[in-house]
Amino acid sequence: MKKSIIAVLLSSFFFMQLSAFEWGGIEKVGANISTTDFNSVSPVINSTTYLWGSAPIADTGFRFVTEGLVKYSGNIGSSSIVNSVIVDLDLLKIVYEGDNLNCSIGRFFASDVTACVLNQNIDGIKVDYSFPYAIVSGYAGYTGLLNELNVFMLDTTAYVISPLNEVYSLAYPFVITGASVLFPVIAGNQNLSLEALAAIDIGAEKVNRYYASAKIGGPLGIHCFYDVNEVVGSFNFKNFMHSTKVDFYFYPTAALAFNVGAEYASKDFVAVTSNPIFGNLAGLEANGNAGAKAGVTYVADTFIVTGDVVALCSMPESGFQFSGFQYDLSVIYNIFYDFQLSFGTYGFIDSAEYGKNNNFGMNLNLSLSF
């Protein structure tokens, strides 16, 4: 009898928690066509299922949050289809959100204040505490259990570390620690962020990376805002490197936005997360490169249009060299509130003297939220 009562109580508690569980997802299917110098065409069909879930843990103030995906892509070659499948768990964490204290334990998304060094998931703990005039944050985590097929980290030569297996491949192991302070309001409603980050290499290379980052931004009048990012880094405190990024944003109306920016990375600059300068299609990592960009975004009731143009240049041993132009245009149309159609076209026009590497592509996607 006593065991029956305990079983009923445990079952009741389980279903009470289950009733508070929230979940949802996105199903996305699409196709992509790309070509290099129009010599060959690479059609790819893809399908991605995203699922997320969240539930409070009794009345403790803690919440369980998870998010995962299954991604399929098929590269349609001349004689066969090359299939690939990725399974990943993007988030798996317990979150506490209080008046001044926020805490995440498990797998969470981590980014330095500039998003130029670290911009990915890690497994560990993160704590934020809000003071009257500042927000202090700290985090520590491990990357060796992530799926390298879905997280792109760089080796010391700025090449993306290649995965060893399909479906789920354990990522390169770093122990990452970071501490930052954000001053939300300083002179003239500007904000200032400072951060120190260490990536301790416990893998094969054994080269530790250390970074100090700063970001300042805020309004320039009513319709204009800016961000300035600066990163200084080092390998084992021997080789020093730096990156600078400046962006301006203009909002003349509620539906229209413009942005211009410039970015520079020293020749030996290497981040932790792969961060190609402006995400360029030429495969030029932020390693001795610079660029300038301009973009526009238009938001209507049922669709969004975005376009960007980027001019890229590199700085090899021989000196400054113009690399080419990159463009990116995308349109998202809301067929219904939970059903979207998107189309995009992109390209890189190579102007380098040492060889041509023109890339062009288009993609078409349908996504359904549930």
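The values are calculated or read from the model by the stated rules, or taken from the named source; none is laboratory data. What you are looking at is a predicted structure, and each value in this text was computed from that prediction instead of being measured. In this analysis, Cβ positions are derived from the backbone assuming ideal geometry, glycine residues included, and neighbour counts consider all displayed protein chains. Ligands, DNA and RNA are stripped out before the accessible areas are found, and what is left, the full protein with its side chains, is counted by its heavy atoms. Shrake-Rupley method; radii C 1.70, N 1.55, O 1.52, S 1.80 Å.
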Next item on the list: Could you calculate the contour length gain from Ile216 to Phe237, that is, 0.36 nm times the residue separation minus the distance between their Cα atoms, to one decimal place in nm?
Entry: 5.0 nm
Item checked: Cα shape, the range 166-232, gyration tensor, a/c 1.5 rule -> prolate
Check: Once phi is turned into θ = phi - 60°, what whole-Hz ³J(HN,Hα) does the Karplus curve with 6.51, -1.76 and 1.60 give for every residue of the range 32-49, x standing for Gly and Pro?
Finding: 9, 10, 9, 8, 10, 6, 6, 7, 8, 10, 10, x, 9, 9, 8, 8, 9, 10
Margin query: With the crude spin-label approximation of a point 7 Å out along Cα→Cβ, what separation in nm comes out for Ala255 versus Asn334?
Written below: 1.4
Next item on the list: Would you mind telling me the share, in percent, of accessible area of the range 127-258 contributed by carbon and sulfur at probe 1.4 angstrom?
Entry: 69
Check: For Leu170, which sequence-distant residues (separation of 5 or more, or a different chain) have an amide H within less than 5 Å of its own amide H, given hydrogens modelled in the peptide plane?
Finding: Glu148
Item checked: Whole-number accessible area per residue in Å² for the range 138-270, which is evaluated in the context of all protein chains at 1.4 Å -> 49
Margin query: I need the phi-derived Karplus couplings for the range 127-132: 6.51 cos²θ - 1.76 cosθ + 1.60, θ = phi - 60°, integer Hz, Gly and Pro marked x.
Written below: 10, 10, 10, 9, 9, x
Checklist line | Modelled FRET efficiency - R0 41 Å, Glu22 with Phe325, Cβ distances, 0.05 increments | finding: 0.35
Checklist line | More than 27 Å apart - percent of Cα-Cα pairs taken over the range 106-239 | finding: 28
Notebook entry, point to check: Between Val296 and Phe248, how many nm apart are label points set 7 Å from Cα along the C-beta direction?
Noted result: 1.7
Check: Could you give me the ³J(HN,Hα) list for the range 215-228, computed from phi with Karplus coefficients 6.51, -1.76, 1.60 and θ = phi - 60°, whole Hz, x at Gly and Pro?
Finding: 9, 10, x, x, x, 10, x, 8, 10, 10, 9, 8, 9, 10
Checklist line | Gain on full stretching of the segment that runs from Asn83 to Thr35 - 0.36 nm per residue minus C-alpha separation | finding: 15.4 nm
